[in-house]
Amino acid sequence: GSTTRRSGGAPGIGSTTRRSGGTPGWQEVSEVRLFDASGNNVASQATYGSLLSGADSSRLANVYNGAVWPSDPFLVWNGGTSQFGGKVLFTMTFNSAVDIRSGRLETTNDESMGNNCHIEASTDGSTWKDLLTPANGALQIKYLAESNLLYPSSVTAAACSASPSSSPSSSSCGYKHYRLIGSTTRRSGGTPGWQEVSEVRLFDASGNNVASQATYGSLLSGADSSRLANVYNGAVWPSDPFLVWNGGTSQFGGKVLFTMTF
């Protein structure tokens, strides 16, 4: 299968089986497309490397140039699964976390690619997990020499799920930058006269409060900066002084109260 990393890099893993049974004799990779949560193909944003020996390194850039066989030369490994099956074909490394939800690998035919290549994800480059596979429906293989047959026939986007061991900065679907925006309305109607923030809690996919792991800054003028650390110290009003802005929504409504950076 193919392997990719969502957070910092991704390797492609060679197939070991075929749709029609048996094993593939080659791995022919014409194009790889990696789609984020917005449906954008981000494959070209990665840095490609660690090419498995046996393929022409001059063709590595062809797998993300938007052109496909037969007009574009593809990467190819031969020698059967003992040479490439279950091995990393190449890696794709991103500068920061990328939320990849689905992908497509374009090849020639079943005999020359097989059907269980996949994309793996890692937050640290050491521990990997399957992310996009034909089995879970998140990786679709397009067989260009088989009348553009798609396998599987439909795509099921991978769920956004961070590794339990990952931090927010390396989450497979997280963001590094967060900010709190001031209110403009009240539950009972009208507008608030103040913004009083006693505590902020941010929960990751495992239910852990990670608010204290952030760096806080860009405090909107009007509040006492010495109280900024109080919003993540675990203590609350009335025992703990809170951040407060007054003057009504013209002073804070829809504005950034403070930022949280991981």
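Please list, ordered by first then second residue, the pairs with beta carbon atoms under 8 Å, 6 or more apart or interchain, first in the range 244-262 and farther than 14 Å from Leu180 by Cβ, second among the hydrophobic types (A, V, I, L, M, F, W, C) and surrounded by fewer than 17 Cβ atoms within 10 Å (Cβ to Cβ).
Pairs that qualify, where the first residue is farther than 14 Å from Leu180 by Cβ and the partner is among the hydrophobic types (A, V, I, L, M, F, W, C) and surrounded by fewer than 17 Cβ atoms within 10 Å (Cβ to Cβ), are Asn246/Trp194.
Quick one: how many residues across the range 34-60 are over 20 Å from Phe84 (Cβ atoms) and open to solvent by 20 Å² or more (accessible area, probe 1.4 Å)?
Qualifying residue count for the region: 10.
Which residue is least open to solvent (accessible area, probe 1.4 Å), if the candidates are limited to the range 105-120 and must be in a strand (DSSP E or B) and in contact with a Phe, Trp or Tyr (Cβ under 7 Å, 6 or more places away or on another chain)?
Ranking the candidates gives Thr107 first.
Could we say that Asp130 is touching a helix residue (DSSP H, G or I) at 6+ places or on another chain (Cβ under 9 Å), open to solvent by 50 Å² or more (accessible area, probe 1.4 Å) and not hydroxyl-bearing (Ser, Thr, Tyr) here?
It is false that Asp130 is touching a helix residue (DSSP H, G or I) at 6+ places or on another chain (Cβ under 9 Å), open to solvent by 50 Å² or more (accessible area, probe 1.4 Å) and not hydroxyl-bearing (Ser, Thr, Tyr).
Restricting the range 66-90 to residues that are of a type outside the set (A, V, I, L, M) and within 21 Å of Asn136 (Cα to Cα), which is most open to solvent (accessible area, probe 1.4 Å)?
Lys87
From the residues in the range 138-153 that are at pLDDT 95 or above and in a loop (DSSP other than H, G, I, E, B), which one is nearest to the chain's Cα centre (by Cα)?
Checking each candidate, the answer is Pro152.
Quick one: in the range 225-262, of everything that is under 34 Å from the mean Cα position of the chain (by Cα) and β-branched (Val, Ile, Thr), which residue is farthest from Val197 (Cα to Cα)?
In this case the residue turns out to be Thr261.
The values are calculated or read from the model by the stated rules, or taken from the named source; none is laboratory data. All of these numbers come straight from a predicted model, not from anything done at the bench. We place every Cβ from the backbone using ideal geometry, glycine too, and count neighbours over all the protein chains shown. The area values use the complete protein model at the heavy-atom level, side chains included, leaving out ligands, DNA and RNA. Shrake-Rupley method; radii C 1.70, N 1.55, O 1.52, S 1.80 Å.
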